[in-house]
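A.B. asks: Here you go, one structure.
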Amino acid sequence: MDANRVIAVRVGPPETAEHHITHFKMESRVEMTQYEMIIYVQATPKTYYTYADGKKAYLEIGRTIDGVPYVRTHSDSTPDNNLLSLPRF
């Protein structure tokens, strides 16, 4: 079991225009808020990841136009390892 692998996400209210991830569930069943995950990803780059189709996609920090940080996966050719492709919890 890998404590750094994200296996599911929780998104904000369904009435919002865009999906906003609020929580992450790790393979170890530990849950983290977006704020906690931002702190961990900034402190330890290339540690947390998703996995699909035989490929890891590491989490990284993106910024909105307003400069607000958020967690995303590093872009690659496998859409199934994107955070919003993961199961919900």
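The values are calculated or read from the model by the stated rules, or taken from the named source; none is laboratory data. Because the structure is a prediction, the values reported are computed rather than measured. All Cβ positions, glycine included, derive from the backbone under ideal geometry; neighbour counts span all protein chains shown. Quick note on the areas: whole protein, heavy atoms, side chains included, nothing else; ligands and nucleic acids left out. Shrake-Rupley method; radii C 1.70, N 1.55, O 1.52, S 1.80 Å.
A.B. asks: Would you please name the residue that is farthest from the chain's Cα centre (by Cα), looking only at residues in the stretch 77-89 that are open to solvent by less than 60 Å² (accessible area, probe 1.4 Å) and more than 16 Å from Glu27 (Cβ to Cβ)?
C.D. replies: Among those residues, the one meeting the criterion is Thr78.
A.B. asks: Look at the stretch 40-65 and say how many of its residues are touching a residue at least 40 places away in the same chain (Cβ under 8 Å) and open to solvent by less than 60 Å² (accessible area, probe 1.4 Å).
C.D. replies: First, the residues of the stretch 40-65 that are touching a residue at least 40 places away in the same chain (Cβ under 8 Å): 47-51, 59.
Pick out the ones that are also open to solvent by less than 60 Å² (accessible area, probe 1.4 Å) and you get 47-50, 59.
The qualifying residues number 5.
A.B. asks: Do we find that Ser28 is open to solvent by 50 Å² or more (accessible area, probe 1.4 Å) and assigned to a loop (DSSP other than H, G, I, E, B) in this structure? Working first, answer last.
C.D. replies: Numbers: open to solvent by 50 Å² or more (accessible area, probe 1.4 Å): no; assigned to a loop (DSSP other than H, G, I, E, B): yes.
In short, no.
A.B. asks: Suppose we filter the stretch 66-76 for residues that are under 18 Å from Glu36 (Cα atoms), without any contact (Cβ under 8 Å) to a residue 24 or more places away in the chain and over 11 Å from the mean Cα position of the chain (by Cα); how many remain?
C.D. replies: Qualifying residue count, the stretch 66-76: 2.
A.B. asks: Just to verify a result, which residue in the stretch 4-25, among those that are part of a loop (DSSP other than H, G, I, E, B) and either touching a strand residue (DSSP E or B) at 6+ places or on another chain (Cβ under 7 Å) or at pLDDT 90 or above (or both), is most open to solvent (accessible area, probe 1.4 Å)?
C.D. replies: Going through the stretch 4-25, the residues part of a loop (DSSP other than H, G, I, E, B) turn out to be 4, 12-20.
With the extra rule that they be either touching a strand residue (DSSP E or B) at 6+ places or on another chain (Cβ under 7 Å) or at pLDDT 90 or above (or both), the set shrinks to 4, 12, 19-20.
Numbers: Asn4: 48, Gly12: 18, His19: 119, His20: 96 Å².
Among them, the one singled out is His19.
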